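Here is the structure we will look at, set down as structure tokens.
The values are calculated or read from the model by the stated rules, or taken from the named source; none is laboratory data. If you're wondering where the values come from, they're calculated on a predicted model, not measured in any experiment. As a convention, Cβ positions derive from the backbone with ideal geometry for all residues, glycine included, and neighbour counts pool all protein chains shown.
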Amino acid sequence: MASSGPEYTIAWTSVLSAPYDDNAWAYVDRLQADDASEAYIVSSSYDANDYSELAVGTIWGFALPDDAVVNGITVEIEGRYAAGTASIAYVSLRKDGAIWGTAKTPNEALTSAAAIYTYGGATDTWGITGPTGANINETDFGVAFSVLATANDTDIHFDFCRVTVTYNSAAYLPGIMRHHIIGARGVTIHG
């Protein structure tokens with residue numbers, strides 16, 4: 001098994017998408033690097049039960065072999081709260097501007113010190129059947145997340161979001177696995 005990443009993207013936007021539509025991110029493009037330059041929401045109206053808009057990142061710069069079989073996708077997000085309290089409420093993969101696979105709704109409480117929150121993993125394909133390197137390489141592959149305020153006057157700060165992909169190159173799959181994958185395409189290989 002091989003892995004690629006972690007990769008960061010330079011293409012971040014704050015997107016209204018109900019119910020994730022109460023507060024916009026400031027400087028959402030700062031999520032592009034592990035550099036202590038933070039995207040944030042600091043608003044007296046970011047109160048209990050309010051969601052942040054979706055922070056959506058695309059154009060990750062992966063260069064996996066197109067025929068690679070993706071075994072898992074790991075998303076890491078570094079964040080903290082500075083006032084009030086909050087939790088990461090929603091994390092999803094995206095393709096073509098929509099949810100791709102099964103979104104995660106962890107409701108994981110943030111700490112007041114910056115911490116990395118990890119979703120997915122080396123063997124988690126997020127409910128996607130047969131993701132390939134070509135899918136990950138496309139510029140419309142993305143990640144989205146939202147944060148829920150759990151107290152009034154909450155302030156949140158996030159430094160980065162990064163992605164690592166674990167995969168097998170189709171050329172290196174064991175013979176029987178290669179037989180089934182390639183055989184499904186109408187070619188039979190023995191060995």
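Check 114, 109, 98 and return the single one that is surrounded by fewer than 19 Cβ atoms within 10 Å (Cβ to Cβ), among the hydrophobic types (A, V, I, L, M, F, W, C) and over 25 Å from residue 46 (Cβ atoms). Even if it seems obvious, please write down each step before you answer.
Values: 114 fails: over 25 Å from residue 46 (Cβ atoms); 109 fails: over 25 Å from residue 46 (Cβ atoms).
Going through 114, 109, 98 in turn, just one is surrounded by fewer than 19 Cβ atoms within 10 Å (Cβ to Cβ), among the hydrophobic types (A, V, I, L, M, F, W, C) and over 25 Å from residue 46 (Cβ atoms): 98.
For residues in region 1-13 being part of a loop (DSSP other than H, G, I, E, B) and not β-branched (Val, Ile, Thr), which is surrounded by the fewest Cβ atoms within 10 Å (Cβ to Cβ)?
1
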Practice item. With the condition kept exactly as written, say whether any residue in region 107-115 is under 16 Å from the mean Cα position of the chain (by Cα) and over 14 Å from residue 158 (Cβ atoms). Key: yes
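Could you check region 14-108 for strands (runs of 3 or more DSSP E) lying wholly inside it with 1 or more residues that are out of contact with any Pro (no Cβ under 7 Å at 6 or more places or on another chain) and acidic (Asp, Glu)? Let's see the steps before the verdict.
On the way: elements: 39-42, 54-58, 69-83, 86-95, 98-104.
Those strands (runs of 3 or more DSSP E) span 69-83.
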Practice item. Taking the options 103, 144, 151, name whichever one is modelled with pLDDT of 95 or more, surrounded by fewer than 15 Cβ atoms within 10 Å (Cβ to Cβ) and in contact with a strand residue (DSSP E or B) (Cβ under 9 Å, 6 or more places away or on another chain). Key: 151
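Hey, any hits in region 108-123 for a residue that's aliphatic (A, V, I, L, M), free of Cβ contacts under 8 Å to residues at least 40 places away in the same chain and out of contact with any Ser or Thr (no Cβ under 9 Å at 6 or more places or on another chain)? Working first, answer last.
So in region 108-123, the residues aliphatic (A, V, I, L, M) come out as 109-110, 113-116, 122.
Right, trim to free of Cβ contacts under 8 Å to residues at least 40 places away in the same chain and you get 113, 115.
In the following step, the residues that additionally are out of contact with any Ser or Thr (no Cβ under 9 Å at 6 or more places or on another chain) were identified as 113, 115.
Within region 108-123 (the criterion being aliphatic (A, V, I, L, M), free of Cβ contacts under 8 Å to residues at least 40 places away in the same chain and out of contact with any Ser or Thr (no Cβ under 9 Å at 6 or more places or on another chain)), the answer is yes, since at least one residue qualifies.
Can you give me the number of residues within region 63-105 that are of a type outside the set (S, T, N, Q) and within 21 Å of residue 159 (Cα to Cα)? Working first, answer last.
First, the residues of region 63-105 that are of a type outside the set (S, T, N, Q): 63-70, 72-73, 75-84, 86, 88-91, 93-101, 103-104.
Filter once more, keeping what is within 21 Å of residue 159 (Cα to Cα): 73, 75-84, 86, 88-91, 93-94, 104.
Result for region 63-105: 19.
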Practice item. Test residue 27 against the stated conditions and say whether it is over 14 Å from the mean Cα position of the chain (by Cα), within 20 Å of residue 83 (Cβ to Cβ), surrounded by fewer than 16 Cβ atoms within 10 Å (Cβ to Cβ) and not charged (D, E, K, R). Key: yes
